[in-house]
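Everything on this sheet refers to the single structure shown next.
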Amino acid sequence: MPIPLLDLKQQYASIREEVLRVTAEVYESQLFILGKRVDDFERDFAAYCRTKHAVGVSSGTDALLEALMVLDVGVDDEVIVPAYSFFATAGVVARLGARPVFVDIDLGDYNIDPARIEAKITPRTKAIMPVHLYGQCAPMDEILAIAEQHGIAVVEDAAQAVGADYRGRRAGSIGTLGCFSFFPSKNLGAFGDAGAITANDDALAEKLIDFRVHGMRPKYFHHYVGGNFRIDALQAAILHIKLPHLEAWHEGRRRNAEIYRRLFAESADERIVLPEELPGRRHIYNQYIVRFPEGRETRDRVLAHLKSAGIGCEVYYPLTLPQQECFRNVPGAADRYPNSEAAAEQTLAIPIYPELTEEQIGEVVTEIRRALRST
Ligand SMILES: *Cc1c(COP(=O)(O)O)cnc(C)c1O
């Protein structure tokens with residue numbers, strides 16, 4: 001039996017009745033834009049993230065874009081981002097006419113290396129945007145200390161890290177603003193595109209609410225140039241149903257990570273590096289990333305073997321951000337980011353979804369070992 005990288009059908013089967021009931025309620029009400037469904041989800045999502053406010057938006061990308069807009073990031077500003085992340089992290093900066101300033105990552109957690117940030121700060125630096133990649137928080141204390149010293153904002157790209165904890169604080173509650181994606185493959189996934197921004201500052205939250213509807217308050221009076229960044233009521237209703245299940249799903253992923261650790265430890269192999277949960281952090285394993293330090297050839301051979309054995313796997317991400325063609329004219333794009341390049345060449349995401357059985361995990365481990373023996 002094939003083992004997919006992610007199987008959402010099992011999760012759906014477990015909440016099917018609830019989902020069909022609330023979506024039917026939305027259809028019957030014919031109220032699709034904002035309203036009670038969105039308010040209810042935002043209230044509970046803010047409580048879950050331990051923030052004062054949460055504002056539902058149209059996607060994780062729009063969460064990042066809107067967050068930078070309310071912080072007045074614009075032409076010729078600079079925003080510090082990790083050199084290794086999903087494209088949107090740097091894409092939103094460029095879309096505002098600002099400049100993404102790349103900083104290499106730490107291979108221990110695949111997050112921005114705080115020791116390399118200071119050297120990249122200039123009078124134009126408007127914000128630092130750490131990404132909590134794969135579901136583990138970036139070293140926020142170090143990042144906040146630098147931001148505070150320079151009086152700049154910190155926007156958390158928590159798209160992959162809903163519910164991840166850092167020294168007793170929750171992802172999205174630590175920086176100035178927190179940005180979430182509910183893309184279906186995230187731990188909390190909508191039935192389409194959706195996202196949210198979390199905030200503790202009342203004035204910023206109010207601005208977020210206005211920017212979501214073209215900078216409008218009251219109706220048809222526009223104070224800012226915002227956008228249509230609204231979350232669908234239908235998505236909010238489904239996310240509201242899913243939220244109470246989220247902790248159990250995280251626990252399933254964490255249990256599976258522990259099974260991988262135990263099975264790989266049965267015959268230790270220096271040719272494969274497992275993800276590490278750093279002290280004081282709760283990893284929610286949106287992705288389970290293994291690394292083959294020998295390099296791209298080994299990684300690609302394992303990938304090909306797993307695919308032929310019917311096991312889902314994927315490279316997140318094959319290029320660093322500065323290597324992307326569209327950033328070729330961004331200053332710093334031609335510099336080297338050795339750890340980011342190593343991550344792009346050596347890592348592979350393997351199945352971690354909560355419904356995996358120990359037997360399936362055993363099969364993934366067996367096939368990875370088999371692939372390594374033949375390379
Ligand atoms: C998924 C993701 C986004 C974008 O979210 P969308 O909802 O797909 O727009 C941004 N940053 C990171 C790190 C992501 O993983």
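Before moving on, here are some points about what is shown:
- Principal axis extents of the Cα atoms in the chain, from largest to smallest and rounded to whole angstrom, are 67, 53, 36.
- Three principal axis extents describe the C-alpha atoms of segment 19-67; from largest down they are 33, 22, 17 Å.
- Theoretical FRET efficiency, 1/(1+(r/R0)^6), r = Cβ-Cβ of E358 and L319, R0 41 Å, to 0.05: 0.75
- Ratio of the Cα radius of gyration of segment 246-373 to 2.2 N^0.38 Å, where N counts its residues: 1.15
- Under the combined filter of DSSP loop state and at most 14 neighbouring Cβ atoms within 10 Å, segment 155-223 retains these chymotrypsin sites (Phe, Trp or Tyr not before Pro): Y220, F221.
- By DSSP, the beta bridges lying fully in segment 8-245 are antiparallel in about 55 percent of cases.
- Dipole in debye (nearest 20) - the chain, about Cα centre, beta carbon charges: Lys, Arg +1; Asp, Glu -1: 280
- Solvent-accessible surface of segment 8-245, averaged per residue with a 1.4 angstrom probe and all protein chains in place: 40 square angstrom.
- Residues of segment 352-375 with amide N under 18 Å of a point placed 7 Å along Cα→Cβ from E294: 365-375
- Across the accessible surface of the chain, with the other protein chains kept in place and a 1.4 Å probe, carbon and sulfur atoms take up 53 percent.
- Anisotropy class of segment 83-204 from Cα gyration tensor, a/c 1.5 cut: rounded
- Listed peptides 245-256, 35-46, 58-69 by packing density, highest first (mean Cβ within 10 Å): 58-69, 35-46, 245-256
The values are calculated or read from the model by the stated rules, or taken from the named source; none is laboratory data. All values derive from a computational prediction rather than experimental measurement. Neighbour counts are summed over all protein chains in view; Cβ atoms, including those assigned to glycine, are modelled from backbone coordinates with ideal geometry. These accessible areas exclude ligands, DNA and RNA; they are computed on the full protein's heavy atoms, side chains included. Shrake-Rupley method; radii C 1.70, N 1.55, O 1.52, S 1.80 Å.
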